[in-house]
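First comes the structure, then the notes that go with it.
The values are calculated or read from the model by the stated rules, or taken from the named source; none is laboratory data. Model, not experiment: these values are computed from the prediction. Cβ sites come from the backbone with ideal geometry, for glycine too, and all protein chains shown count toward neighbours. The accessibility values were calculated without ligands, DNA or RNA, using every heavy atom of the protein model including side chains. Shrake-Rupley method; radii C 1.70, N 1.55, O 1.52, S 1.80 Å.
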Amino acid sequence: MANCFVIMPFRPEFNFLYLTIKSHLARSLPEITVERGDDRVLTKPILEKIADFIRQADVVIADSTGRNPNVFYELGLAHALEKPVVLITSDAIEEAPTDIRAFEFISYAQLQPEAFLNKLDKALQSVVGNPFAGMHAPALDLFRRFCAAKKVNLVPAAQQEFEASMAAMYGSGQRLPESERSRAEFLVRRLLGAEPQIEVLIALKDWLDEVAP
Amino acid sequence: MFREQPQAFIALPQGPAEPELRTVIRETLERHDVRPLFSDDTSLAALSNADLVIADITGANRNVMFEVGVALGMGKPLLLLSQERFTDLPFDLRAHQVAVYRPGDMESVRKFMELSLRDTLRERASLKA
């Protein structure tokens with residue numbers, strides 16, 4: 001589980017952006033928790049609270065729009081704590097102070113909303129890793145064993161499709177099952193594409209009964 | 001109130017395969033002591049009490065698709081069947097996977113229902129334990 005802390009001005013027009021980012025990441029990167037400075041109510045001075053958040057974060061998203069002083073103070077704190085920072089802005093990049101202009105920005109004023117969220121996914125994945133990347137190889141191994149044992153000739157879904165399927169299942173609240181058998185079925189089915197023949201699904205269950213009763 | 005007998009909500013489109021499919025599903029469910037609630041003789045409210053939702057999305061019948069959407073939103077375990085492949089299956093259903101059967105091959109449907117139901121009930125029991 002990775003923590004992502006979002007630094008942005010506490011102004012109403014940013015609330016929707018925050019909620020959009022939060023609900024999108026819950027779907028696309030389910031192993032990440034997204035928080036903002038006002039998410040927890042604690043009996044501490046706000047600045048200390050925010051410093052704690054940043055300290056606990058694995059990655060920080062900072063919105064530099066409007067050159068808000070609080071944002072830049074917290075951004076400085078994040079840099080000092082050597083946290084990886086994903087910078088976003090709706091201003092022109094030239095508006096950013098020289099000290100941070102050297103970093104790459106995701107400029108959401110010039111991007112379609114989907115393209116922005118896509119870029120954000122990529123940036124965060126480069127820090128926390130793709131949560132499903134490590135599951136593809138074991139899934140493919142099971143898939144090949146199943147095909148060999150049942151003498152069926154099937155083409156596995158591409159890795160990208162596999163990861164999209166995993167992400168969609170996580171997005172609808174499903175998780176990798178606990179038991180070895182259910183887990184194997186879950187993984188292999190993500191490689192069978194959207195519309196497998198019913199016989200293939202029966203053969204898969206038969207095979208699982210043989211190898212992991 | 002705790003309900004001992006699990007319930008399944010079933011949505012089927014009208015069509016030549018419907019009567020036979022209905023019989024196969026009813027028999028399989030009853031053999032496993034699961035109460036079948038067919039969408040055409042119950043209300044949508046029954047869906048919220050269901051432990052499992054079975055739907056045949058052949059022809060993308062709008063009532064069936066609507067009920068599948070509700071089931072998906074409620075996070076119900078879904079068992080989807082279809083007689084043909086789609087070129088434009090909604091994204092979230094792609095992940096849930098649709099078992100494609102030939103309309104004349106009720107034996108495969110019976111076997112698939114049987115195994116899927118066994119696994120679903122097994123998982124349900126292990127979650128409760």
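How many residues, within region B:59-92, are open to solvent by 10 Å² or more (accessible area, probe 1.4 Å) and within 12 Å of chain A (Cβ to nearest Cβ)? Please lay out each step first, then the result.
Taking region B:59-92 and keeping what is open to solvent by 10 Å² or more (accessible area, probe 1.4 Å), we get B:59-63, B:65-67, B:69-70, B:72-79, B:83-92.
Still in the list and also within 12 Å of chain A (Cβ to nearest Cβ): B:69, B:72-79, B:83-92.
Residues meeting the conditions: 19.
Got a number for residues in region B:43-58 being of a type in the set (S, T, N, Q), surrounded by fewer than 17 Cβ atoms within 10 Å (Cβ to Cβ) and farther than 20 Å from B:R118 by Cα?
Pass one, region B:43-58, residues of a type in the set (S, T, N, Q): B:43, B:48-49, B:58.
Then keep just the ones that are surrounded by fewer than 17 Cβ atoms within 10 Å (Cβ to Cβ); that gives B:43, B:48-49.
So of that shortlist, the ones also farther than 20 Å from B:R118 by Cα come out as B:43, B:48.
Of the residues in that region, 2 qualify.
Can you say whether A:N130 is buried (at least 17 other Cβ atoms within 10 Å of the Cβ), touching a helix residue (DSSP H, G or I) at 6+ places or on another chain (Cβ under 9 Å) and away from chain B (no Cβ under 11 Å), as far as the supplied structure shows?
yes
Tally the residues that are facing another protein chain (nearest Cβ under 9 Å) and part of a loop (DSSP other than H, G, I, E, B), restricting the search to region B:93-105. Break it down into steps so the answer makes sense when it comes.
At the first step, the residues of region B:93-105 found to be facing another protein chain (nearest Cβ under 9 Å) are B:93-102, B:105.
Next, only the ones that are part of a loop (DSSP other than H, G, I, E, B) stay: B:97, B:101-102, B:105.
Of the residues in that region, 4 qualify.
Scan region B:1-42 residue by residue and report those that are polar (S, T, N, Q), open to solvent by 50 Å² or more (accessible area, probe 1.4 Å) and touching a strand residue (DSSP E or B) at 6+ places or on another chain (Cβ under 8 Å).
Correct list: B:Q5 only.
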